[in-house]
Amino acid sequence: MIIVLRSGATEDQIQHIIEKAEKLGLSANISRGVERTVIGLIGPEDVLRVTPLEVFPGVEQVIPVLAPYRLVSREFKKEDSVIKITDDVSIGGKKLHVMAGPCSIEGGDELEAIAKEVKAAGATILRGGAFKPRTSPYDFQGMGEEGLKILQDVGKKYGLATITEVMDPRDVELVCKYADILQIGARNMQNFNLLKEVGKVKTPVMLKRGISATYKEWLMSAEYILANGNFDVMFCERGIRTYETMTRNTLDINAVAIIKYLSHLPIIVDPSHGTGKWGLVSSGARAGIAAGCDGLQIEVHDRPEEAFSDGAQSLLPVNFTKLMDETRKIAQAVDREL
Ligand code: PEP
Ligand code: MN
């Protein structure tokens, strides 16, 4: 870390900082300028949390050099991480994967009808919520374990891997029994107990970005999962809240580039929640792929007007097939497979 001293910092103050730093196991290099003195400290930056050097007399600013998210950072691992989901599906390599399905699991026949269509169009992962984070307590809350069983059965029948949301630390074990990927929803991105719990299992995790989360907060949430032992984590950009009201959220394409730059973990783009309108979904999907994401999550429903949740952003199977055809061309252009 770099410590910038106030102009006029005394020799005693400088010596006091150096003594303290050395006691903490850091080695100091002093650089004296005409106006200012700067101290470079080499060693574990974690000590800053215990001893905030900002409070020392004579200190103007402490600048950390290393990112506080360590395990998720490119500094920790240079190469892209590829996360194995099943024998057929690995995320983060040349091949892009599309997770598609209804917002909520509504029943066996209903899910099967959609699964058949998304599989035919080229999706490799079936999505569907059994535990739904609804803004209103009076809205459909999901089918729970019965829904999980349906997801597993339908996934197996159509050769699709599965992803579903887990909202409660107490349900992690249960959801792991049925699903190939655990989804942490936007509203739970900073549910630290849940993050710790999914960190203790072996099932891969997709961490959606919180509605108003900064990149740093998002990276730190992923760090919770890795720090607890689960390295099979991917990010999902699903739009953030901005001043715009015409779309449900603002899909932040910058997230793809910045996460790829800062982290070795894959990133998925969800233009369904990112826009909230089915007519805008394909354009968001193409933008995500062009920017370099590793896959998509798309809501599909065969009767959107009757969907239990998120009908307005759900694509009819025919339009999902169109989206796949359109995005395939972009994937080829950026040397990826879809
Ligand atoms: C969902 O995937 O249906 C969902 C609720 O997503 P998010 O957490 O991004 O709102
Ligand atoms: Mn949804």
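Quick note: the coordinates plus some simple rules give every number you see, no bench work behind them. A quick note: this is a predicted structure, and the numbers were derived from the prediction, not measured. All Cβ positions, glycine included, derive from the backbone under ideal geometry; neighbour counts span all protein chains shown.
Rundown of residues vs (1) in contact with a Leu (Cβ under 9 Å, 6 or more places away or on another chain); (2) within 16 Å of ligand 2 (Cβ to nearest atom), yes/no style:
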position	(1), (2)
G108	no, no
I114	yes, yes
D139	no, yes
G147	yes, yes
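Out of the residues in segment 69-116 meeting the condition of being touching a residue at least 60 places away in the same chain (Cβ under 8 Å), closer than 22 Å to K202 by Cβ and not in a loop (DSSP other than H, G, I, E, B), tell me which one is nearest to ligand 1 (Cβ to nearest atom).
M99
Scan segment 55-69 and give yes if some residue there is surrounded by 14 or more Cβ atoms within 10 Å (Cβ to Cβ) and of a type in the set (S, T, N, Q), otherwise no. Break it down into steps so the answer makes sense when it comes.
Here is the first cut: in segment 55-69, the residues surrounded by 14 or more Cβ atoms within 10 Å (Cβ to Cβ) are 56, 58-59, 62, 67-69.
If we keep only those that are of a type in the set (S, T, N, Q) as well, we get none.
No, the conditions are met nowhere in segment 55-69.
Looking only at segment 273-282, which residues are more than 16 Å from ligand 2 (Cβ to nearest atom) and either free of Cβ contacts under 8 Å to residues at least 40 places away in the same chain or outside any helix (DSSP H, G or I) (or both)? If you could, list the steps in order and put the result at the bottom.
Looking only at segment 273-282, we keep the residues that are more than 16 Å from ligand 2 (Cβ to nearest atom), and these are 279, 282.
Hit for segment 273-282 is G279, nothing else.
Which residues, taken from segment 285-303, are in a helix (DSSP H, G or I) and over 17 Å from the mean Cα position of the chain (by Cα)?
Initial filter on segment 285-303 (in a helix (DSSP H, G or I)): 285-291.
Within segment 285-303, R286, A287, A290 meet the criteria.
Against the definition (aliphatic (A, V, I, L, M) and more than 30 Å from I259 (Cβ to Cβ)), how does A28 come out, yes or no?
yes
Any chance you could count how many residues in segment 117-130 are away from ligand 1 (no atom under 14 Å from the Cβ) and under 27 Å from H264 (Cβ atoms)? Break it down stepwise before answering.
First pass over segment 117-130, keeping only residues away from ligand 1 (no atom under 14 Å from the Cβ): 117-124.
Going one step further and asking which of them are under 27 Å from H264 (Cβ atoms), we end up with 122-124.
Residues in segment 117-130 being away from ligand 1 (no atom under 14 Å from the Cβ) and under 27 Å from H264 (Cβ atoms): 3 in total.
Can you pull out the residues in segment 117-142 that are in a loop (DSSP other than H, G, I, E, B), small (G, A, S) and more than 18 Å from D168 (Cβ to Cβ)?
Just the residues of segment 117-142 that are in a loop (DSSP other than H, G, I, E, B), to begin with: 122-124, 128, 130-142.
Then drop every residue that is not small (G, A, S), which leaves 122-123, 128, 130, 136, 142.
If the condition is that a residue be in a loop (DSSP other than H, G, I, E, B), small (G, A, S) and more than 18 Å from D168 (Cβ to Cβ), then G122, A123, S136 are the ones that fit.
Quick one: how many residues across segment 283-304 are within 16 Å of ligand 2 (Cβ to nearest atom) and not acidic (D, E)?
Total satisfying the criteria: 9.
Restricting attention to segment 119-128, and to residues there that are over 19 Å from E305 (Cβ atoms) and touching a strand residue (DSSP E or B) at 6+ places or on another chain (Cβ under 9 Å), which single residue is nearest to ligand 2 (Cβ to nearest atom)?
R127
Only one of (1) within 16 Å of ligand 1 (Cβ to nearest atom); (2) polar (S, T, N, Q); (3) in contact with a strand residue (DSSP E or B) (Cβ under 9 Å, 6 or more places away or on another chain) fails for Q152. Which number is that?
Single failed check for Q152: (1).
May I ask you to list the residues in segment 122-146 that are within 19 Å of S314 (Cα to Cα) and small (G, A, S)?
Of everything in segment 122-146, those that are within 19 Å of S314 (Cα to Cα) and small (G, A, S) turn out to be G122, A123, G128, G129, A130, G142.
Go through segment 88-106 and report how many residues are of a type in the set (A, V, I, L, M, F, W, C), out of contact with any helix residue (DSSP H, G or I) (no Cβ under 6 Å at 6 or more places or on another chain) and within 16 Å of ligand 2 (Cβ to nearest atom).
The first filter runs over segment 88-106 and keeps only residues of a type in the set (A, V, I, L, M, F, W, C), leaving 89, 91, 96, 98-100, 103, 105.
Next cut, out of contact with any helix residue (DSSP H, G or I) (no Cβ under 6 Å at 6 or more places or on another chain) only: 89, 91, 98-99, 103.
The next check asks that each one be within 16 Å of ligand 2 (Cβ to nearest atom); those that pass are 98-99, 103.
Matching residues across segment 88-106 total 3.
Filter segment 226-251 down to the residues that are touching a residue at least 40 places away in the same chain (Cβ under 8 Å) and over 11 Å from the mean Cα position of the chain (by Cα) and list them by number.
Passing the criteria: L226, A227, F231, D232, R248.
Would you confirm whether or not segment 321-336 contains a residue that is under 15 Å from G128 (Cβ atoms), touching a residue at least 60 places away in the same chain (Cβ under 8 Å), away from ligand 1 (no atom under 16 Å from the Cβ) and touching a helix residue (DSSP H, G or I) at 6+ places or on another chain (Cβ under 9 Å)? Give the steps one after another, and end with the answer.
Step one: filter segment 321-336 for residues under 15 Å from G128 (Cβ atoms), giving none.
No.
Out of segment 72-91, which residues are more than 21 Å from G159 (Cβ to Cβ) and touching an Asp or Glu at 6+ places or on another chain (Cβ under 6 Å)?
To start, the set of residues in segment 72-91 that are more than 21 Å from G159 (Cβ to Cβ) comprises 72-81.
Matches in segment 72-91: V72 only.
When you scan segment 202-211, how many residues do you find that are within 13 Å of the chain's Cα centre (by Cα) and free of Cβ contacts under 8 Å to residues at least 40 places away in the same chain? Even if it seems obvious, please write down each step before you answer.
As a first pass, look at segment 202-211 and keep what is within 13 Å of the chain's Cα centre (by Cα): 204-211.
Pick out the ones that are also free of Cβ contacts under 8 Å to residues at least 40 places away in the same chain and you get 205, 207, 210-211.
The total comes to 4.
For residues that are closer than 14 Å to E106 by Cα and within 16 Å of ligand 1 (Cβ to nearest atom), tally how many sit in segment 282-313. Please lay out each step first, then the result.
Here is the first cut: in segment 282-313, the residues closer than 14 Å to E106 by Cα are 299-311.
After this cut, where a residue has to be within 16 Å of ligand 1 (Cβ to nearest atom) as well, the list is 299-301, 304, 307-311.
Residues in segment 282-313 being closer than 14 Å to E106 by Cα and within 16 Å of ligand 1 (Cβ to nearest atom): 9 in total.
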